[in-house]
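Contents: one structure, followed by commentary.
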Amino acid sequence: MQWGFCAFEERLVMEIRLFLFMCSLLPISLGLDPSPPFLFGTASSSYQYEGAYSSDGKGLSNWDVFSHIAGSIDDGSNGDVAVDQYHRYQEDIDLMEAIKVNSYRFSISWARILPQGRFGEVNMAGINYYNRLIDALLLKGIQPFVTLFHFDIPQELEDRYGAWLSPQSQEDFQFFADICFKSFGDRVKYWVTFNEPNYLIPIAYREGTFPPCRCSGKFGNCSGGDSEKEPFVVAHNMILSHASAVDLYRNKYQNEQGGKIGIVLHCDSFEPLSNSTADKLATERAQSFSINWILDPILFGKYPKEMEIILGTLLPKFSSNDKVKLRRGLDFIGINHYASYYVRDCISSVCGHGRGVSRTEGLYEQTALKNGVPIGELTPFEWLNVHPQGMKKMLMYLKDRYNNTPMFIVENGYATLSDPNVTEKEYLNDHKRIEFMSGHLDNVMAAIREGADVRGYFVWSLLDNFEWIYGFSVRFGLYHVDFATLKRTPKLSATPFSVAVLSNELDLDLSPLPTGFLFGTASSSYQYEGAYNSDGKGMSNWDNFTHGTGRYVIYGGKNGDIANDHYHRYLEDIDLMEALGVNSYRLSISWARILPKGRFGEANHAGIDFYNRLIDVLILKGIQPFVTLSHYDSPQELEDRYGSWLSPQSQEDFAFYADLCFKTFGDRVKYWVTFNEPNFQVPLGYRSGIYPPCRCSGPLALAQCSEGDSEKEPFVAAHNVILAHAAAVDIYRTKYQTEQKGSIGIVLQHEWYEPLSNSTADKLAAERARSFTFNWFLDPIILGKYPTEMENLVGSLLPKFSSKEKEKLKKGLDFIGVNYYTAFYVQDCMYSTCQTGQGNSRTEGLYIQSGAKNGVPIGEPTKFSWFNIYPDGMEKALTYVRDRYNNTPMFITENGYAQEDDPNSTFEEHLNDSKRIKYMMDHIEAMVAAIRNGADVRGYLAWSLLDSFEWIYGYTIRYGFHHVDFATLKRTPRLSATWYKQLLVKYKEMTRQEKLLQNT
């Protein structure tokens, strides 16, 4: 990474917005049809959230009674208060607004509306509460997504007739639904009849762990029940209750209110344990005895054939009248997905104990293990594992079986244990939740691409809450809740969820990218490696500078002696790259580690061995090394002997060093860069003097230099760098390229320059700015001479190329590396009087640059005068290179966002780098636009994998996808790491689909 020198004393105060993607966390693109709008929301339920269990006329529910029975709830708690949303709904809606959701799924407490069911009066206080809640949601642009039954029912109905065991429940449910449709349907456009009846029924009427706690025999120890028969009676009544509510809605309300109605099922994904026919049939039975048990009657008018064959007369029959009602079906299927399992047959094989193995459960055994290997990452809970691919498989199954009925993911989330030994800070840093949601959103995206009609995604849950029999011992929330004070605090996951929400608006179309496009991260040896005097390494110019007279120039008096210790931690860092999914890593070789004294000493084999190990491990992980020979650092020996780049001897030394690298590593390295940003390094080292060798003079000096010539030396140093590049390219072309089949180029900083006005003078000044920076190096290498603008102004100060040198220059390069960060306006200083500033002297090009025009910034400003956020400049810069240099292949070799290391920012704020995500999304979008318009861009390497030593700024500025604690060197992924990972997943999925199409 490079740094401007006009304002190196400025400090950036970051505004970290906890706003809301996943998955552009996220954010990631979901490839969604904008009409109707995709719903991104959070989910809840009345008993788990509301509290106020006996307030304002509410009746007792089955869960009010159950949770007050000793031993029912693991931690002895109850939902009397829960998270008190009944009183705090306004605060919670503000939290929803902050994360930018457009929908909120909640349930209505039946006992709050009808304390005694149809046997008593309507509780208007309850009606008024839900009216206030719905109105407040709509005021914030949040669509209510309302469930009528989410496990809780008036206890009165249980006491009167056994609730769902009786057909009377159908009448009661229809009565309740009618009141809700009538009271709220003018504003509610999404209705759910039941939440997870296929989950509730077995645990309430077979195992007996949920109310009404009915079971028998081997299934549990309950005071009443019949585990073999009652689950099917209850399911039958719930299915017909759904049908009654749908029939009522279709007949009385739907035409006028314009809403939709559906049901929500618990949808685990099942895979056969083996390829045997028996296990495949068992897998279909598992689906039939769970999801299809409820959906088949609603959509097909009958129970699944697998159930009919096994259960026979245990399955109730639908009357002709029932079948007529069932034809009203549903408008959508709601899906709650948390886990995946392998399934083993128990008809032809002997199975152990467990869910599913009995005849009335389907005669299958489910397990998360196959030959001891888990289907996905396991968690402390048997009902939760991390297998995101199961999401797609389950969606595709439902698509195919149910004629692609519209679907909503109405619950998906990650649970953590409430551990008294875990600090609040650790709870907030919930990367596992981010990874879980991101992976599952990715698979939703993949299913949509393959035709699944998925219209929404709701994360479980907005807040930590009362989690049924687990009480408050399990946490699912995007917001941490202190259950003693009920204070809500955003977790890290709150922001990537917002990025996923925004992905609809910030969609990235990567389809124009060419085959084999490189996505990676970038680094440099001095900024990353550390180990400055280990294993025979010599002193570099930056070792000398940060330890010597230039030490005061570095913020905080720091140096790169340790940096982020990549020399010793490269394996850990490669694991981070692999986790991101990059296919390339740009690194630089420390010249002083390979040749401590240049060509005046022996090669250091310990240094060579390090780079061999690094390169080999990268390739083993499928990551292509993209290697820079000189990234600002060179052996101090060469500076001491002959003044380094001021002497033509530097060309010989660089060629010697390049030859050694090509010979040693070129069999595996396919991308070579000779120099990184010489158009930046040379002015800072030989004009302003703030980089080593700190040479400057007169009014152009920005440091107290002991010697130098700011008018002349930059052109001498640049000339030697250009010829050193030519010498290295000549060696590579002549000796190595044919056999090694690599390519070689150079990397330039490419700020974009816009004329301050439409005057001819300012337009010419903008071109001069490019000529005195970017073209200064590329014109000689590609066109064989310095830019005309430089020749006209600088004249005899520009060295001449000999005929032999011109021959070498004809070897050119294979690609241009572009480091793009920012842009400026440019004003002419040839015909106008300018204030002092970069560029306004004759040897700089007679222009002055500015970040604003008539007080209006060129892009979003930052506190750094050298860093304006102007993504359009990326497209313009690439298009300029395309046109000027005959569309020579290009790579974006650096692009990234600076974040100040503000001691007043919390660790969580450092990780919540939504501005970095937005910056990189916008710049990648600009790059794609340039590619679409013909620019031959072949890769994007982000700066940077890790926070690192940022030259004269030391450790005060951070660019990494991963936060580095420089005291402990611990790496922690930021939100941007998740976003970049999901972007690359999307790209890989896109390329996979393209290959499939080509093969067909």
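Within the range 858-866, identify whether any single residue is over 26 Å from A930 (Cα atoms) and hydrophobic (A, V, I, L, M, F, W, C), and answer yes or no. The answer is yes, given that some residue of the range 858-866 is over 26 Å from A930 (Cα atoms) and hydrophobic (A, V, I, L, M, F, W, C). Got at least one residue in the range 566-579 being at pLDDT below 95 and either assigned by TED's automatic domain parsing to the domain that holds F654 or part of a helix (DSSP H, G or I) (or both)? Yes: the range 566-579 contains one or more residues that are at pLDDT below 95 and either assigned by TED's automatic domain parsing to the domain that holds F654 or part of a helix (DSSP H, G or I) (or both). Candidates L587, L576: the one that is within 24 Å of G742 (Cα to Cα) and under 32 Å from the mean Cα position of the chain (by Cα) is L587. For the range 937-951, does any single residue satisfy the condition of being among the acidic types (D, E) and closer than 17 Å to Y528 by Cβ? Scanning the range 937-951 turns up at least one residue that is among the acidic types (D, E) and closer than 17 Å to Y528 by Cβ.
For first residues located in the range 979-993 and more than 19 Å from S914 (Cβ to Cβ), partners that are among the acidic types (D, E) and lie 6+ apart or on another chain with Cβ distances below 9 Å form the pairs V985/D442; E989/D442; Q993/E450.
Considering the conditions (1) surrounded by fewer than 23 Cβ atoms within 10 Å (Cβ to Cβ); (2) over 41 Å from the mean Cα position of the chain (by Cα), H266 is excluded by exactly one of them, (2). Just wondering, is there one or more residues in the range 369-383 that are at positive phi and assigned by TED's automatic domain parsing to the domain that holds R285? Yes, the range 369-383 contains a residue that is at positive phi and assigned by TED's automatic domain parsing to the domain that holds R285.
Among the residues in the range 699-706, are any surrounded by fewer than 18 Cβ atoms within 10 Å (Cβ to Cβ) and at pLDDT 95 or above? No, that holds for no residue. Set side by side, the residues Y342, Y338 differ, and just one is within 28 Å of N412 (Cα to Cα), assigned to a strand (DSSP E or B) and modelled with pLDDT of 95 or more, which is Y342.
Going by what's in this entry, would I434 be described as modelled with pLDDT under 90, within 22 Å of L39 (Cβ to Cβ) and assigned by TED's automatic domain parsing to the domain that holds F300? Judged against the criteria, I434 is a match.
Taking the conditions (1) surrounded by fewer than 15 Cβ atoms within 10 Å (Cβ to Cβ); (2) part of a loop (DSSP other than H, G, I, E, B); (3) modelled with pLDDT of 95 or more; (4) not polar (S, T, N, Q) in turn, P380 satisfies each one other than (3).
Let's see how each residue does on (1) assigned to a helix (DSSP H, G or I); (2) more than 21 Å from F777 (Cα to Cα):
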residue	(1), (2)
L614	yes, yes
P625	no, yes
T628	no, no
E639	yes, yes
W645	yes, no
Q651	yes, no
K663	yes, yes
D667	no, yes
V673	no, no
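Selection over the range 181-224 of residues that are out of contact with any Gly (no Cβ under 6 Å at 6 or more places or on another chain) and within 24 Å of V65 (Cα to Cα) gives a count of 23. Being under 34 Å from the mean Cα position of the chain (by Cα), outside the structural domain of S523 (by TED's automatic domain parsing), outside any strand (DSSP E or B) and of a type outside the set (D, E, K, R), is that true of even one residue in the range 842-854? Checking the range 842-854: at least one residue is under 34 Å from the mean Cα position of the chain (by Cα), outside the structural domain of S523 (by TED's automatic domain parsing), outside any strand (DSSP E or B) and of a type outside the set (D, E, K, R).
Looking at the range 726-820, the strands (runs of 3 or more DSSP E) lying wholly inside it that each contain 1 or more residues that are among the β-branched types (V, I, T) sit at 743-749, 815-819.
Only one of the listed residues (M921, M927, M830) is modelled with pLDDT under 95, farther than 24 Å from T956 by Cβ and not in a loop (DSSP other than H, G, I, E, B). That residue is M921. Would you pick out the residues in the range 512-559 that are over 34 Å from the mean Cα position of the chain (by Cα), outside any helix (DSSP H, G or I) and over 24 Å from A603 (Cβ atoms)? Matches in the range 512-559: G548 only. Annotation note: of R187, R132, the sole residue that is at pLDDT 95 or above and assigned to a loop (DSSP other than H, G, I, E, B) is R187.
Based on this model, can you work out whether W979 counts as surrounded by 24 or more Cβ atoms within 10 Å (Cβ to Cβ) and under 30 Å from G685 (Cβ atoms)? The answer is no for W979. Of the residues making up the range 101-136, those that are farther than 16 Å from Y49 by Cα and within 32 Å of the chain's Cα centre (by Cα) are V101, N102, S103, A136.
Looking at T193, T277, just one residue is surrounded by fewer than 22 Cβ atoms within 10 Å (Cβ to Cβ) and at pLDDT 95 or above, and that residue is T277.
Each residue in the range 404-419 was checked for being of a type in the set (D, E) and over 22 Å from H150 (Cα atoms), and 1 of them qualify.
Count of the range 419-453 residues, restricted to those that are more than 17 Å from the chain's Cα centre (by Cα), over 16 Å from T495 (Cα atoms) and buried (at least 17 other Cβ atoms within 10 Å of the Cβ), is 4.
Of the residues P692, P683, the single one that is over 37 Å from the mean Cα position of the chain (by Cα) and not in a loop (DSSP other than H, G, I, E, B) is P683.
Does the range 806-814 include one or more residues that are outside the structural domain of W943 (by TED's automatic domain parsing), modelled with pLDDT under 95 and surrounded by fewer than 16 Cβ atoms within 10 Å (Cβ to Cβ)? No, every residue in the range 806-814 fails to be outside the structural domain of W943 (by TED's automatic domain parsing), modelled with pLDDT under 95 and surrounded by fewer than 16 Cβ atoms within 10 Å (Cβ to Cβ). Among the residues that make up the range 267-280, is at least one of them out of contact with any helix residue (DSSP H, G or I) (no Cβ under 6 Å at 6 or more places or on another chain), among the aliphatic types (A, V, I, L, M), assigned by TED's automatic domain parsing to the domain that holds M394 and closer than 23 Å to K305 by Cβ? Yes, the range 267-280 contains at least one residue that is out of contact with any helix residue (DSSP H, G or I) (no Cβ under 6 Å at 6 or more places or on another chain), among the aliphatic types (A, V, I, L, M), assigned by TED's automatic domain parsing to the domain that holds M394 and closer than 23 Å to K305 by Cβ. Of the residues S759, S796, the single one that is at pLDDT below 95 and surrounded by fewer than 17 Cβ atoms within 10 Å (Cβ to Cβ) is S796. Of all residues in the range 228-236, none satisfies being part of a helix (DSSP H, G or I), surrounded by fewer than 24 Cβ atoms within 10 Å (Cβ to Cβ) and touching a strand residue (DSSP E or B) at 6+ places or on another chain (Cβ under 9 Å). From the list T674, T664, the lone residue that is more than 22 Å from F949 (Cβ to Cβ) and surrounded by fewer than 23 Cβ atoms within 10 Å (Cβ to Cβ) is T664. Here is the figure for the range 881-919: residues that are within 16 Å of R938 (Cα to Cα) and not basic (K, R) total 12. In the range 906-923, the condition of being of a type in the set (K, R) and buried (at least 20 other Cβ atoms within 10 Å of the Cβ) is met by at least one residue.
The values are calculated or read from the model by the stated rules, or taken from the named source; none is laboratory data. Note that the structure is predicted; figures quoted are calculated from it, not measured. Cβ coordinates were reconstructed from backbone atoms using ideal geometry, including for glycine residues, and neighbour counts include every protein chain displayed.
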